[in-house]
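First the structure, in the form of structure tokens, and then the observations on it.
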Amino acid sequence: MSKELIFRALRADEVELRVKQIYQKNGKPTGLSLLCYKNARCDQNILDETVGPLNWQRHHLRDNANCIIAIWDDEKKQWVEKEDTGTESNTEAEKGLASDSFKRAGFNWGIGRELYTSPKIFISADNCSIKETGKTDRNGSPIFACYDNFTVGEMTVSESKVITRLTVLLKGREVFAFGDKPGENPLICNDCGQPIKGVKKRDGTIWYPADIVQYSKAAFQRQLCVACLKKAQKQEPPKEDSVTF
Ligand SMILES: [Zn+2]
């Protein structure tokens, strides 16, 4: 392990999706965002695969709040440890805390670190079922919930552990796609015929081609590059709220 220990990227089936936020406008749901998580067995499996089942161990401290993953360094003949703290999930508190701190310690070893590079996953309301809960928040806005079982269809991770392609399925149907399909031609602007390239937004985040296409299709009913999108925004009133870039 004096050489750097490198864990493989997660596979699509090792990633779980959970609803992060449900958006609404005038009391009607417009869509939701999803967050990627690694599932419970994934750290265990990847550790077994990479260093061997006998060469790693986990300890818990502070009633499971902290977890240490120790990996045997055969060159130095010693255990190397990385530790992290979990947060309690409301549901299955004990188990939740232990697996959360374990997963976090796994992140410290680099397992699943690519999840931090996930694109923003937005699913529009007509592509999922968002239900009213009958409750309202303190501003009087209705509280919505979504119990759909979203899964990751495809995930491609670059060598530098950045997610370059991600698709989300619901009942087998693709409801979100980010990045070009491997071997697929780049996205082409319908107006000027040039490839659609990502741009850096004012807040420093990247607006990816797949998101630009999604936005321009919703606002102008065709896929546009950023230059043509700017032109269109001046000439045609967009149907969605304008984004700044
Ligand atoms: Zn164009």
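Checking region 130-147 against the condition returns no match, with no residue being closer than 29 Å to residue 114 by Cβ, assigned to a loop (DSSP other than H, G, I, E, B) and among the hydrophobic types (A, V, I, L, M, F, W, C). Of the strands (runs of 3 or more DSSP E) entirely within region 1-67, those holding at least 2 residues that are among the polar types (S, T, N, Q) and either surrounded by fewer than 19 Cβ atoms within 10 Å (Cβ to Cβ) or free of Cβ contacts under 8 Å to residues at least 60 places away in the same chain (or both) occupy 15-25, 28-38. Are any of the residues in region 123-136 modelled with pLDDT under 95, of a type in the set (Val, Ile, Thr) and open to solvent by 80 Å² or more (accessible area, probe 1.4 Å)? Looking through region 123-136, at least one residue is modelled with pLDDT under 95, of a type in the set (Val, Ile, Thr) and open to solvent by 80 Å² or more (accessible area, probe 1.4 Å). Among the residues making up region 1-30, those that are among the hydrophobic types (A, V, I, L, M, F, W, C) and closer than 29 Å to residue 75 by Cβ are 1, 5, 6, 7, 9, 10. Is it true that residue 139 is open to solvent by 40 Å² or more (accessible area, probe 1.4 Å), more than 16 Å from the chain's Cα centre (by Cα) and either under 28 Å from residue 4 (Cβ atoms) or not assigned by TED's automatic domain parsing to the domain that holds residue 12 (or both)? In short, no.
The values are calculated or read from the model by the stated rules, or taken from the named source; none is laboratory data. Just so it is clear, the model here is predicted, and its values are computed rather than measured. Positions of Cβ are backbone-derived with ideal geometry, glycine not excepted, and every protein chain shown enters the neighbour counts. Surface accessibility is based on the protein's heavy atoms, side chains included, excluding ligands, DNA and RNA. Shrake-Rupley method; radii C 1.70, N 1.55, O 1.52, S 1.80 Å.
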